[in-house]
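No lab work stands behind these numbers, since they all come straight from the coordinates. As the structure is a prediction and not an experimental result, all values here were calculated from the model. Here the Cβ is made from the backbone with ideal geometry for all residues, glycine too, and neighbour counts use every protein chain on show.
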Amino acid sequence: MTGLGIKADFRFRPLADFPKTMLGKLYRRGSSMEIHRPKPFHGWRELAKEVGVITIGIAIALGGEEMIRWLDRQHQVAEARHALRFEIARNAKYALFSIEEEHCRIGLFNLVATWLDGSGPPPHFKGPALRLKPVRSAWDVAKPGAAVYMPFEERVAYSSFYDAVDDRKYLIDTERNVAIRSMGVFGKTSLTPADKDEGRHLIEEQRASSGLQIVTSSYIVQQAKALGVKPEPFTASDRAALSAICADAKMTGSLP
């Protein structure tokens, strides 16, 4: 009994009555979920049929996934080959240029040696020191990636080519170090006997390095040809640069 004279009933239904009331109403409204039991197999033949259907479905799914992977790998390999052939063509061009450039530089070193011996005038250095450095960015990217899916012989051919590219880069760095030392000697207004001896030694180093450059560059051109790649065409500025370099040695270089 409340203060207003109203009788209140705060009793709740027992939890046990819930299924009999609420669930019963839901069932009558069609909101219940029916669970079907699996049908029993009537013999081994029917069981084998069901297992076969499941196995074939799994095989189709796995085969489709593998096919997608294979197509993706082929696309990566095609992209890598295109980039590598472009890069190899450029390296072959640089190698051809190097062969002609080094022949002219050897001629220039001969003029310097003659001058040091007092048998000729001092040579003039007007040509640019190009030393077109090889590139290998495409191979650095492809080697651990798309190249893995290439045929073994193809990977070996690319690897051999870029080993020669690394050799040429090393020779260029060596030549630059010798050139810097040479500038310190030949940049003097007058040379002492000790300076001339050092100059002769530096000239011999330059000659040896240029000879190795010619051998290595020739190998790069041959390897590019074996891979079916033609050197990138030379531009007018390439030919002008070579002419300037060879003019110092009173020679003329020729590019294909």
query = Taking the condition assigned to a helix (DSSP H, G or I) and within 15 Å of residue 164 (Cα to Cα), does residue 242 pass?
reply = no
Flag for residue 254 being buried (at least 19 other Cβ atoms within 10 Å of the Cβ) and at negative phi = no
message = Being assigned to a helix (DSSP H, G or I), over 27 Å from residue 92 (Cβ atoms) and without any contact (Cβ under 8 Å) to a residue 40 or more places away in the chain is the requirement here; does residue 182 meet it?
response = yes
request  = Scan the stretch 149-170 and report the pairs whose first residue is without any contact (Cβ under 8 Å) to a residue 60 or more places away in the chain and whose second residue is assigned to a loop (DSSP other than H, G, I, E, B) and not hydrophobic (A, V, I, L, M, F, W, C), with Cβ atoms within less than 7 Å and a gap of 6+ or a chain change.
outcome  = 162/136; 169/133; 169/134
query = of a type in the set (Val, Ile, Thr), touching a Phe, Trp or Tyr at 6+ places or on another chain (Cβ under 7 Å) and closer than 27 Å to residue 94 by Cα - does that describe any residue in the stretch 158-169?
reply = no
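So that you can scan it fast, the table gives a plain yes or no per residue for (1) more than 30 Å from residue 81 (Cβ to Cβ); (2) assigned to a helix (DSSP H, G or I):
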position	(1), (2)
200	yes, yes
204	yes, yes
213	no, yes
216	no, yes
222	no, yes
231	no, no
Failed condition for residue 180, given (1) loosely packed, with under 14 Cβ neighbours inside 10 Å; (2) closer than 26 Å to residue 74 by Cα = (2)
